[in-house]
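Engineer: The following block contains the structure, expressed as structure tokens.
Where a number appears in this text, it was derived from the coordinates with a stated rule and is not lab data. As the structure is a computational prediction, the values presented were derived from the model and not from experiment. We place every Cβ from the backbone using ideal geometry, glycine too, and count neighbours over all the protein chains shown.
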């Protein structure tokens, strides 16, 4: 196995995200390499997948690659026929890729002084605060945000430090490659509320921003055998409304007018790349290899009009309103997979991501090898805070079940998922009941503090879900749907018995009675012929 890695060169514009290698990938042959956006597209058919360390950055990069892939495909929008033709082509046309990046040369410099990539160069002049005494002296104090606020993995003010000890009193510059990732994370997942100093434009003065468009949500993306397949399958089937307005930020001839009309998506490219609620400007180090400061402000004075994101799983409220599924670091991906395959998940009002509708008729020889990647960042949708963690999870090749002729198997998969969740609920119910009966001191009439989920119940679920997920994918691979009842029931009973052995070593009669009494809640999930027990209480 070979590894290639090159440090991106620095120039007056700093890192060129189009040309300089900064995105890590795994090649089809297993080698590791780094590419800029241009070479990533040229070599997409030789690349297996992105290996970006932070899932939010990888999720945003995929959206940017979808837009770029559409631009170099020769199509203005994607439908079933165009997608099929692209997949048959097998790779992007090198001349088209090179022509595109030549057309927008100078628009991909991370620290470009005129048009920095995905940034707002006017922020310093719009965020300067003139103090009366300084105004008399002809001095202006610029109010930047501090590099600690840029880096989502560092502490800023009262934020948590995830991957290092940093503080605003001793700022450490962020290398250009990392700064690019933090920039993208802010634009899509940034917190709302006050962002520091005021941003003043002719039509609006304020410091509050709306939350980023993906903040707190989980995003689902088809994953092919190569990055090329992943990109082509991921381009949304979105109607092109206005070609002149359907542009990415780096394609626009003029900077956006924050005092103008709030922009609506005019097609797939603007939908994928131009929905940020924050405006940022990185302040480069002297050698332009790193960001040593940042300006962060509102991009629009109010929240952009809603648009149906094609990669979010849409739920339906009691009044018929639709809202995206929230990210949950503790939720196993298999619990949502039938909702990605079926138009309507059994027992719910979910609406699968629109991208799944777009690719259901892709060639069978491609879909037979396509799975789903979930990118989640569990955050509060409130003004700030609530960052609990991010995650990336990938299914095996299950999207073959999205085809019409596989509808019956997709339904059986949904039944297997329901059985897994039933067994989980029975397991935690029984464990919680045992805990309440044994944790409450005898004769204590007040049991309110013991009414919530028990620590033992949390332990049971933490053990159950990873094991259940492994069993679930095995059932899917073998299409052994009829085994679901026995598999998940036996798993739940086994975990119950193991946990109960841990708390009944003292053989206290009160505890033993509770364990035996509530075991039936879990054992009831077993097939009738499996309820016989051995002498030690294990399932036969």
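Engineer: Per 5 Å bin from zero, what fraction in whole % of the C-alpha pairs of the range 317-404 is there, up to the bin with the longest pair?
Structural biologist: Using 5 Å bins, I get a P(r) of 3, 12, 20, 21, 19, 14, 7, 3, 1, 0 for the range 317-404.
Engineer: Another question, then. At a 10 Å Cβ-Cβ cut-off, how would you order 237, 336, 20, fewest neighbours first?
Structural biologist: Ordered by Cβ neighbours within 10 Å, fewest first: 237, 336, 20.
Engineer: Most exposed first by the Cβ proxy, i.e. fewest other Cβ within 10 Å, how do 524, 289, 270 rank? All intermediate terms of the calculation are to be shown ahead of the outcome.
Structural biologist: Numbers: 524 14, 289 19, 270 25.
Result, fewest neighbours first: 524, 289, 270.
Engineer: A further question follows. Any idea how far apart residue 513 and residue 349 come out in nm if each label point goes 7 Å out from Cα toward Cβ?
Structural biologist: The two pseudo-label positions are separated by 4.6 nm.
Engineer: For the pair residue 255/residue 502, report the inter-label distance in nm, with labels modelled 7 Å from Cα in the Cβ direction.
Structural biologist: The modelled label-to-label distance comes out at 5.7 nm.
Engineer: At a Förster radius of 56 Å, what calculated FRET efficiency corresponds to the Cβ-Cβ distance of residue 422 and residue 369, to the nearest 0.05?
Structural biologist: 0.95
Engineer: Still on this structure, please answer the following. So if we plug the beta-carbon distance of residue 302 and residue 243 into 1/(1 + (r/R0)^6) with R0 = 22 Å, what FRET efficiency do we get, rounded to 0.05?
Structural biologist: On the way: r = 27 Å, r/R0 = 1.21.
So, using R0 = 22 Å, E works out to roughly 0.25.
Engineer: Test of understanding: ordering 254, 76 by Cβ neighbours within 10 Å, fewest first, what list do you get?
Structural biologist: So the residues, fewest neighbours to most, are 254, 76.
Engineer: I'd like the FRET efficiency for residue 12 and residue 172, computed as 1/(1 + (r/R0)^6) with the beta carbon distance as r and R0 of 25 Å, rounded to 0.05.
Structural biologist: 0.60
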